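Data first, discussion second: the structure below is written as structure tokens.
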């Protein structure tokens, strides 16, 4: 990928089980150097009656929590991250 372009990371958190997940469904992610929080965006789309967590300011380390997720429900996150320039060593 070229510096200045963006990389999209798609994360699907789903409950394919026969019961409701009730113990805080958590997604944690972290980007390391040379990435920075500048320009990171994300969206969340819910399937069924599950709700996306409250919006947060995008950063290089986030924890997103949904209190419960019913059977067959899912949250789809799309993180868009600018690709930084990397200097040659």
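Looking across region 31-57, the residues that are surrounded by 14 or more Cβ atoms within 10 Å (Cβ to Cβ), at pLDDT 85 or above and not in a strand (DSSP E or B) come down to 40, 50, 51, 52, 53. Kindly establish whether residue 71 is in a loop (DSSP other than H, G, I, E, B) and either surrounded by 13 or more Cβ atoms within 10 Å (Cβ to Cβ) or in contact (Cβ under 8 Å) with a residue 12 or more places away in the chain (or both). Spelling it out, residue 71 is indeed in a loop (DSSP other than H, G, I, E, B) and either surrounded by 13 or more Cβ atoms within 10 Å (Cβ to Cβ) or in contact (Cβ under 8 Å) with a residue 12 or more places away in the chain (or both).
In region 58-68, what residues are surrounded by 15 or more Cβ atoms within 10 Å (Cβ to Cβ) and under 23 Å from residue 6 (Cβ atoms)? Show your work before the answer.
As a first pass, look at region 58-68 and keep what is surrounded by 15 or more Cβ atoms within 10 Å (Cβ to Cβ): 58, 60, 62, 64, 66, 68.
Selection gives 58, 60, 62, 64.
Any residue at all in region 15-23 that is loosely packed, with under 12 Cβ neighbours inside 10 Å, more than 11 Å from the chain's Cα centre (by Cα) and closer than 20 Å to residue 76 by Cβ? Yes, region 15-23 has at least one match.
The values are calculated or read from the model by the stated rules, or taken from the named source; none is laboratory data. Fair warning: this is a prediction, and the values are worked out from it, not measured in the lab. All Cβ positions, glycine included, derive from the backbone under ideal geometry; neighbour counts span all protein chains shown.
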